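Scroll down for the structure; my scribbles are underneath it.
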């Protein structure tokens with residue numbers, strides 16, 4: 001019907017214009033083949049081309065979204081790891097500070113102890129030294145005393161031998177003994 | 001005497017027939033149940049256009065990659081271009097029409113572009129071909145609107161917000177504008193293709209008839225105009241596709 005409608009106008013136009021497009025004898029097969037070609041191309045595109053394109057586009061969008069998800073997940077993991085690391089660092093720092101503090105206290109204690117024991121040692125040594133000095137002093141005094149007594153006796157002997165009679169001598173010896181005895185009692 | 005002189009001149013001068021390449025020449029006379037299904041140069045170039053479309057997409061997607069190469073990008077751009085037109089104009093509900101519109105665009109585009117090959121035939125310069133498509137499309141949208149909206153679809157011809165006394169004027173205008181759709185759709189494409197190719201043919205005629213020092217001017221023009229024709233071929237396929245979508249949208253949403 002369409003073809004005949006166009007054919008009617010086409011014949012008039014073709015007569016006047018001489019345009020080959022308006023030659024009605026070539027209409028029918030072109031109508032048929034236009035539709036047929038369209039249907040063939042539609043079939044081919046639907047069967048082979050459109051699914052291929054859609055597959056590519058879908059694959060890409062899936063890949064992009066899964067990549068985005070994966071990226072998000074790795075970011076969260078990284079953040080978590082960073083937080084963990086931070087925690088570990090803080091703990092380590094705290095522990096280090098604690099260790100240092102402990103070491104400082106220990107050192108102070110040791111120093112205190114060392115100071116104390118040194119003081120004790122020193123005072124012990126001092127008292128020992130003092131005792132030794134005392135002993136030495138005593139020994140020296142005793143020796144001095146003996147020496148003085150000996151000298152005194154020698155001197156006295158010599159003096160007596162020169163001037164004294166037997167009676168005098170006896171008397172003096174008696175006195176000397178008494179004196180020595182008294183002296184001894186004083187020293188000791 | 002003068003008539004013999006004229007015919008003598010026209011016999012010696014090169015024949016100027018810029019419409020010659022619109023001539024449809026039947027090749028095989030075939031008929032099927034009384035229907036003329038002969039093949040012709042026009043039919044062969046439809047097939048060539050189909051083959052070129054398939055070759056283009058074969059090259060684009062023979063080796064599909066997630067990260068596309070040049071040809072694949074071009075094929076994807078074609079797909080997304082048509083997809084964008086359909087979703088922009090018809091919306092998500094236009095999804096079932098997408099394969100038809102996709103086929104329509106690439107068939108017309110490759111017919112237009114193949115017609116620029118020297119010695120080829122431009123299928124879309126045949127009014128009967130463009131009219132077949134436009135009448136099918138408009139007829140389909142009419143049937144689809146009727147199927148979708150029932151008798152409400154006749155409200156499509158009654159513009160809203162128009163005073164009642166103007167209705168006897170407005171309704172015929174709406175009907176005429178609806179009936180003009182297939183004509184304007186068919187004639188736009190046919191006329192663009194015919195005019196462009198006729199212009200090229202005329203210029204090539206000058207290239208042949210002028211001496212070599214003068215032939216450069218029309219020859220240069222044909223070079224530039226071939227570029228323009230590629231652009232026009234694309235634009236016309238685009239317009240045809242867009243208007244098809246607009247008509248489908250009208251049938252679907254009754255604007």
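The values are calculated or read from the model by the stated rules, or taken from the named source; none is laboratory data. Just so we're clear, the structure is a prediction, and the values are computed from it rather than from any experiment. With ideal geometry, Cβ positions are generated from the backbone for all residues, glycine too; neighbour counts draw on all protein chains shown.
In table form, for the structure just shown:
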item: Search result, residues across the range B:201-214 that are more than 26 Å from the chain's Cα centre (by Cα) and buried (at least 16 other Cβ atoms within 10 Å of the Cβ); result: B:206, B:207
item: Residue, nearest to residue A:47 (Cα to Cα), within the range B:39-53, restricted to residues that are within 8 Å of chain A (Cβ to nearest Cβ) and surrounded by fewer than 18 Cβ atoms within 10 Å (Cβ to Cβ); result: B:47
item: Residue count for the range B:95-125, restricted to those that are over 9 Å from the mean Cα position of the chain (by Cα), within 7 Å of another protein chain (Cβ to nearest Cβ) and either buried (at least 24 other Cβ atoms within 10 Å of the Cβ) or part of a loop (DSSP other than H, G, I, E, B) (or both); result: 2
item: Criterion (within 40 Å of the chain's Cα centre (by Cα) and farther than 30 Å from residue A:181 by Cβ) met by exactly one of A:124, A:80; result: A:80
item: Single unsatisfied condition, residue A:102 versus (1) surrounded by fewer than 14 Cβ atoms within 10 Å (Cβ to Cβ); (2) within 10 Å of chain B (Cβ to nearest Cβ); (3) at pLDDT 90 or above; result: (2)
item: In the range B:69-79, residue nearest to the chain's Cα centre (by Cα) [restricted to those that are more than 7 Å from chain A (Cβ to nearest Cβ) and surrounded by 19 or more Cβ atoms within 10 Å (Cβ to Cβ)]; result: B:78
item: Some residue of the range B:82-93 being in contact with a helix residue (DSSP H, G or I) (Cβ under 6 Å, 6 or more places away or on another chain) and within 12 Å of chain A (Cβ to nearest Cβ); result: yes
item: Condition check for residue B:251: farther than 24 Å from residue A:21 by Cβ and either without any contact (Cβ under 8 Å) to a residue 24 or more places away in the chain or not in a helix (DSSP H, G or I) (or both); result: no
item: Index of the failed condition, residue B:232 passing every other in (1) surrounded by 16 or more Cβ atoms within 10 Å (Cβ to Cβ); (2) under 18 Å from residue B:19 (Cα atoms); result: (2)
item: Breaking point among (1) assigned to a helix (DSSP H, G or I); (2) within 11 Å of chain A (Cβ to nearest Cβ), for residue B:63; result: (1)
item: Within the range B:1-36, considering residues that are at pLDDT 75 or above and in a helix (DSSP H, G or I), the one nearest to the chain's Cα centre (by Cα); result: B:22
item: Matching entry among A:38, A:32 (being buried (at least 16 other Cβ atoms within 10 Å of the Cβ), facing chain B (nearest Cβ under 7 Å) and either at pLDDT below 85 or out of contact with any strand residue (DSSP E or B) (no Cβ under 8 Å at 6 or more places or on another chain) (or both)); result: A:38
item: Boolean, residue B:56 is out of contact with any strand residue (DSSP E or B) (no Cβ under 6 Å at 6 or more places or on another chain), closer than 30 Å to residue B:202 by Cα and surrounded by 12 or more Cβ atoms within 10 Å (Cβ to Cβ); result: no
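Here's the yes/no breakdown for (1) within 25 Å of residue B:113 (Cβ to Cβ); (2) out of contact with any helix residue (DSSP H, G or I) (no Cβ under 6 Å at 6 or more places or on another chain); (3) modelled with pLDDT under 90:
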| position | (1), (2), (3) |
| --- | --- |
| B:152 | no, yes, yes |
| B:159 | no, no, yes |
| B:163 | no, yes, yes |
| B:166 | no, yes, yes |
| B:194 | yes, no, no |
| B:201 | yes, yes, yes |
| B:213 | no, yes, yes |
| B:230 | yes, yes, no |
